[in-house]
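Trainee: One structure coming up, written as structure tokens, with questions to follow.
The values are calculated or read from the model by the stated rules, or taken from the named source; none is laboratory data. Since the model is a prediction, treat every value here as computed from it, not as a measurement. Here the Cβ is made from the backbone with ideal geometry for all residues, glycine too, and neighbour counts use every protein chain on show. Quick note on the areas: whole protein, heavy atoms, side chains included, nothing else; ligands and nucleic acids left out. Shrake-Rupley method; radii C 1.70, N 1.55, O 1.52, S 1.80 Å.
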Amino acid sequence: MSEDSRTPLRVRFDIRRRELRVAERIQLTPHMLRLVLSGDLEAFQSLGFDDHVKLFFPDPAGEQPVMRDYTPRAFDVAKGLLTIDFALHEPAGPATQWASQAQVGDGLHIGGPRGSQVWPDAFAHYLMIGDETALPAIGRRLENASVGQGFTVLAVVESAAERQEWVTQAEANVRWLYRTKGDDVLTAIDALSLPADTHVWVAGESHWVKAVRTRLHDKGLNPKWIKASGYWQNGEAGAHQSLD
Ligand SMILES: Cc1cc2nc3c(=O)[nH]c(=O)nc-3n(C[C@H](O)[C@H](O)[C@H](O)COP(=O)(O)OP(=O)(O)OC[C@H]3O[C@@H](n4cnc5c(N)ncnc54)[C@H](O)[C@@H]3O)c2cc1C
């Protein structure tokens, strides 16, 4: 397999700002809220499962809106629908506050995605590890995976009540780990038996992601094929860290 066939394809898009409205509100689990937004999605593109859009919220203290990153969980350009899943957390920042109170008809400005990174389906196996904020990307990836692709997922959530069901054509081994039960992701990684040719995607709290990445290196997985991102950071608002 040549290196080229494994290089991710990067695509850039013109950024458009859009005003969408809440069309539907679905409480997926106690801490995961799905909002289906509707409006003009003309030329909206998102090719990568871990793309993000910017959500804009008015900042009462300043003139500039505050922005937060969220994954396009699903979209239908023809119908003008975009689905975003919000992991509701404490302390709640502007995104969580807005989402938890959002009612059908409320408006939301979004921008992007600015671009997509598309990994080729060229690996023997895919390992995905994440916390609640990573579940939209993992769910989207699994739902769009092809027959015969192999996935191992370690999904770390508070308790069994936060478990989601994903429909996939791939061979997926999804393991849920519960913080309230003391499940440890590093121990779960040690116990995995993976093909050498495994691509890894990790996202979640930044410090946690770094510890996971170190353990993956210790396990002998090729750092080149590990994509690790800090989707938020303990004690810091609006943090996004690309770790590779
Ligand atoms: C590329 C990308 C895609 C993302 N996709 C999603 C997505 O689809 N769904 C989703 O829910 N999140 C997603 N996130 C994470 C989300 O952007 C952050 O959690 C964001 O900080 C939430 O904004 P907020 O206004 O609620 O809180 P902030 O104002 O950013 O933070 C307020 C406080 O809450 C803490 N905090 C932030 N997030 C969490 C959390 N998840 N759990 C516990 N404490 C937290 C912060 O440390 C801070 O102390 C994504 C992040 C990135 C970078």
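Trainee: When only residues in segment 77-89 that are part of a loop (DSSP other than H, G, I, E, B) and touching a helix residue (DSSP H, G or I) at 6+ places or on another chain (Cβ under 8 Å) count, which is least open to solvent (accessible area, probe 1.4 Å)?
Mentor: The selected residue is L88.
Trainee: Kindly indicate whether any position in segment 104-121 is in a loop (DSSP other than H, G, I, E, B) and at positive phi.
Mentor: Looking through segment 104-121, at least one residue is in a loop (DSSP other than H, G, I, E, B) and at positive phi.
Trainee: When you go through R17, R68, R12 one by one, which is the residue that is under 20 Å from the mean Cα position of the chain (by Cα), exposed (fewer than 15 other Cβ atoms within 10 Å of the Cβ) and on the phi < 0 side of the Ramachandran plot?
Mentor: Exactly one of R17, R68, R12 is under 20 Å from the mean Cα position of the chain (by Cα), exposed (fewer than 15 other Cβ atoms within 10 Å of the Cβ) and on the phi < 0 side of the Ramachandran plot, namely R12.
Trainee: Considering segment 1-57 alone, what residues qualify as being of a type in the set (F, W, Y), touching a helix residue (DSSP H, G or I) at 6+ places or on another chain (Cβ under 6 Å) and not in a strand (DSSP E or B)?
Mentor: Listed by number, the list holds a single entry, F49.
Trainee: Considering only residues of segment 204-241 that are of a type outside the set (G, A, S) and assigned to a strand (DSSP E or B), which is farthest from the chain's Cα centre (by Cα)?
Mentor: Going through the qualifying residues, I end up with E236.
Trainee: Here's another thing I want to ask about it. Filter segment 162-184 down to residues that are open to solvent by less than 60 Å² (accessible area, probe 1.4 Å) and in contact (Cβ under 8 Å) with a residue 40 or more places away in the chain, then give me how many there are.
Mentor: 2
Trainee: How many residues are within 24 Å of A196 (Cα to Cα) and either within 8 Å of the ligand (Cβ to nearest atom) or modelled with pLDDT under 95 (or both) if we restrict to segment 226-241?
Mentor: Within segment 226-241, residues that are within 24 Å of A196 (Cα to Cα) and either within 8 Å of the ligand (Cβ to nearest atom) or modelled with pLDDT under 95 (or both) number 1.
Trainee: Continuing with the same structure: From the set of residues in segment 122-161 that are open to solvent by 40 Å² or more (accessible area, probe 1.4 Å) and in a helix (DSSP H, G or I), which is farthest from T198 (Cα to Cα)?
Mentor: A161
Trainee: Moving to a separate point now. Filter segment 223-244 down to the residues that are exposed (fewer than 14 other Cβ atoms within 10 Å of the Cβ) and among the small types (G, A, S) and list them by number.
Mentor: G235, A237, G238, S242
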